[in-house]
1. Is the range 179-191 home to any residue that is surrounded by 22 or more Cβ atoms within 10 Å (Cβ to Cβ) and assigned to a helix (DSSP H, G or I)?
2. Here are some residues: Gly39, Gly23, Gly88. Which one is over 20 Å from Glu102 (Cβ atoms) and either modelled with pLDDT of 90 or more or buried (at least 17 other Cβ atoms within 10 Å of the Cβ) (or both)?
3. Looking at the range 200-220, which of the residues that are among the acidic types (Asp, Glu) and within 17 Å of Cys353 (Cβ to Cβ) is surrounded by the most Cβ atoms within 10 Å (Cβ to Cβ)?
4. Of the conditions (1) over 23 Å from the mean Cα position of the chain (by Cα); (2) more than 29 Å from Leu68 (Cβ to Cβ), Gly208 fails just one. Which one is it?
5. With the structure loaded, tell me whether Gly20 is in contact with a strand residue (DSSP E or B) (Cβ under 9 Å, 6 or more places away or on another chain), of a type in the set (Gly, Ala, Ser) and closer than 30 Å to Arg153 by Cβ or whether it fails that test.
6. Quick one: which residue in Arg245, Arg229 is among the basic types (Lys, Arg), outside any helix (DSSP H, G or I) and either farther than 24 Å from Glu286 by Cα or out of contact with any His (no Cβ under 6 Å at 6 or more places or on another chain) (or both)?
7. Looking at the range 45-61, I want the residues that are in contact (Cβ under 8 Å) with a residue 40 or more places away in the chain and have a partner that is buried (at least 17 other Cβ atoms within 10 Å of the Cβ) and part of a strand (DSSP E or B) with Cβ atoms under 7 Å, at least 6 apart or on another chain. Which pairs are those?
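The values are calculated or read from the model by the stated rules, or taken from the named source; none is laboratory data. Model, not experiment: these values are computed from the prediction. As a convention, Cβ positions derive from the backbone with ideal geometry for all residues, glycine included, and neighbour counts pool all protein chains shown.
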Amino acid sequence: MPDVLDATPYDALLLLSFGGPEGPDDVVPFLENVTRGRGIPKERLKEVGQHYFLFGGVSPINDQNRALLDALRKDFAGHGLDLPVYWGNRNWAPYLTDPLREMAADGRRRVLVLATSAYASYSGCRQYRENLADALAALEAEGLAVPRVDKLRHYFNHPGFVEPMADGVVASLAELPEDVREGAHIAFTTHSIPTASADTSGPAEEHGDGGAYVRQHLEVARLVADAVRERTGTEHPWQLVYQSRSGAPHIPWLEPDICDHLEERHAAGVPAVVMAPIGFVSDHMEVLYDLDTEATARARELGLPVRRSATVGADARFAAAVRDLVVERAAVERGQDVTPCALGALGPSHQVCPVGCCPARAPRPAAAGADSPYA
């Protein structure tokens, strides 16, 4: 990290997230936004919305993004990085177009984007880029100055993302009863996606069985498991498993599901499991319901002790990692030599998503990539 932090040529950072309802009346309209174009009946959305109604119709994701915004602003200010931070969502207020309008009005011309998704996949990267293109097209139609947007690289193996998760697993192991702690297994969880989507995740040269999506998660699981071994002196067996599947049952999705995995581990005589949601930046609804509620209830039925480790959230090390990524990308844009920070064997991700990266089933314009119409 240089002594003087320079974000030039960038003049703003946009925190781009999924969004979530903030009250019972928001739930169905939010789910309509998420599923737009899929023809899902409102009655079915009300059934799905029960997960949110269990928590008063409020997703924790917006408050968690507010906390991350605060952490980023404090970190930037504390390290002399002069870069304002804005916030927008794909599926709920503040909608993405609103902060882009605000940035245009504020005269921002080069914007970096931090997506709250650390890994390569259509839903975790390209879909965000498609939403950016839609929002920029809306600004263009309104006659506003359209800023150039660039997306920060995937940060799954940045130490500021990995180390807080390793600490979380160590803390969860310590919470287990002493007689089952040493033999506990670790279930590293992430969002299940269709296998066809996984197979085409990442750049074209990385497509294949599981694609970059599975490969990157396995790398993070190894990194965290190694860190846990170093900190505890115990080798805990682990497996990458999946959660939060949705969609038609005849379409293959990544498996095994976390609940099936807990049943299998219990049948095999495993004394305890730590569920580590490495695929999620924060403790949003899919973590609270699918792990803390559903999977924990299944483990209770089995008599299997489980703990769920924390996500990164607004950890100061993650805010520092974002600062590092900003300074890194700015130096790349200025043509300077940069050594990107990354742990493990995969190395740092690409700075610019190439053509053919995480393709959609039906091609749509996507900003912040080599194929961007707004370069």
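1. Scanning the range 179-191 turns up no residue that is surrounded by 22 or more Cβ atoms within 10 Å (Cβ to Cβ) and assigned to a helix (DSSP H, G or I).
2. Criteria check complete, one pass: Gly23.
3. Applying the first criterion (among the acidic types (Asp, Glu)) to the range 200-220 yields 205-206, 209, 219.
Right, trim to within 17 Å of Cys353 (Cβ to Cβ) and you get 205-206.
Values: Glu205: 9, Glu206: 19.
Only one residue tops the list, namely Glu206.
4. Of the numbered conditions (1) over 23 Å from the mean Cα position of the chain (by Cα); (2) more than 29 Å from Leu68 (Cβ to Cβ), the odd one out for Gly208 is (1).
5. On the way: in contact with a strand residue (DSSP E or B) (Cβ under 9 Å, 6 or more places away or on another chain): yes; of a type in the set (Gly, Ala, Ser): yes; closer than 30 Å to Arg153 by Cβ: yes.
Yes; evaluated as a whole, the condition is true for this residue.
6. Details: Arg229 fails: outside any helix (DSSP H, G or I).
Testing whether each residue is among the basic types (Lys, Arg), outside any helix (DSSP H, G or I) and either farther than 24 Å from Glu286 by Cα or out of contact with any His (no Cβ under 6 Å at 6 or more places or on another chain) (or both) leaves just Arg245.
7. Between residues of the range 45-61 that are in contact (Cβ under 8 Å) with a residue 40 or more places away in the chain and residues that are buried (at least 17 other Cβ atoms within 10 Å of the Cβ) and part of a strand (DSSP E or B), the close pairs are Ile61/Ser17.
Table: residues versus (1) at positive phi; (2) free of Cβ contacts under 8 Å to residues at least 60 places away in the same chain.
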| residue | (1), (2) |
| --- | --- |
| Asp337 | no, yes |
| Pro340 | no, no |
| Gly344 | yes, no |
| Gln351 | no, no |
| Gly356 | yes, no |
| Pro359 | no, no |
| Ala366 | no, no |
| Asp371 | no, yes |
| Ala375 | no, no |
